[in-house]
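Student: Got a structure here, written out as structure tokens. Questions coming.
Read-outs throughout are calculated quantities, based only on the coordinates presented, and are distinct from any laboratory measurement. Just so it is clear, the model here is predicted, and its values are computed rather than measured. Virtual Cβ from ideal backbone geometry, glycine too; neighbours counted across all protein chains shown.
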Amino acid sequence: MWDYSDKVKDHFFNPKNAGAVVGANAIGEVGSISCGDALRLTLKVNETTEIIEDAGFQTFGCGSAIASSSVLTEIIKGMTIDDALKVTNQDIAKELDGLPPEKMHCSVMGREALQAAIANFRGVEWKDDHEEGALICKCFAVDAVMIEEMVWANKLRTVEDVTNFTKAGGGCAACHEDIEAILERVLKERGETFDPQAASLPKVEAKVEKKPMTNLQRIKKIEDVLNSLRPQLMADGGDVELVEVVGNTAYVNMTGACNGCQMAAMTIAGIQQRLMEVLGEFIKVVPASEMPKPEKLVNIEGISHA
């Protein structure tokens, strides 16, 4: 289980500036719910002074993603947009008293959302994709330009570092050779030598050798986690129930006070974070209302649901 600072916990349990800003004139959207993390940052910028007067966020993701988004809005309020553009992902992590290495990509997402919002305010196009053919990690849609930028900015040295900061390489691992090539090139430019041995990922190797869980085993673990969280939800008048597990997606119903609650998305994000920690693998938690029609569902073992 990852070790979180008190500031990360505080921003997760008591997020600042959650929700959309009324009258926002700058909007930045990054990530994708299908990839596990998504952030929509809204800003109200004074058009004369270009000072950020208000900031709000809507995040789908883990506790670190919510905490990073929350602290980012606190950092940039009162700044001019030029000063805000100088905020780095390291600044976001530092303000949280650090993030687990595996969660540094959450701070990167915040930085990109800020860049996108300011570009939107200025009326210019902002892209997180680059020229065709530069896509390195197809699992998480991460391109070579982003990887190279993160290697330079954060002095990354290993494939695992790159995965922690960008999520690239955290899926099927087919892109590891391409990531190594980028590392080798950048480290050479830095006057350093890339060591393939040092870049090996014990966690990835262990994951490959480990016999994958059956869907029934995954469902049992998910139910155990939900049962451990239910007393806390029930104390607030709510509850959660597992409806279906399809591949790496768990569909749940939030009931009682949790149904329609403004904080329901954050509650689901917290459940997702806990499940990933316990299962040791990426898993999405999605409201059952977004579940595909039954005839389109196929479980992890390839058996269609009637």
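Student: Under 5 Å between amide hydrogens, which residues at least 5 positions from V21 or on another chain qualify, with H placed 1.01 Å from N in the peptide plane?
Tutor: Amide H neighbours of V21, under 5 Å, 5+ apart: T42, G56.
Student: Next up: Can you work out ³J(HN,Hα) from phi for every residue in segment 179-184, in order, using Karplus 6.51 cos²θ - 1.76 cosθ + 1.60 and θ = phi - 60°, giving whole Hz and x for Gly and Pro?
Tutor: Karplus values, whole Hz, x for Gly and Pro: 5, 4, 5, 5, 4, 4.
Student: Here's something else I'd like to know. At most 15 other Cβ atoms within 10 Å and a DSSP loop assignment: could you name the trypsin sites (Lys or Arg not before Pro) in segment 77-123 that fit?
Tutor: Taking segment 77-123 and a limit of 15 other Cβ atoms within 10 Å, the loop trypsin sites (Lys or Arg not before Pro) found are K86.
Student: What ranking do F194, F13, F60 get, fewest neighbouring Cβ atoms within 10 angstrom at the top?
Tutor: F13, F194, F60
Student: Further question: Which ordering of L233, L135 is given by a fewest-first count of other beta-carbon atoms within 10 Å?
Tutor: In increasing order of surrounding Cβ atoms, one gets L135, L233.
Student: Can you tell me how much longer the chain between A153 and E223 gets when fully stretched, taken as 0.36 nm per residue apart minus their C-alpha distance, in nm with one decimal?
Tutor: Additional length available on full extension: 21.1 nm.
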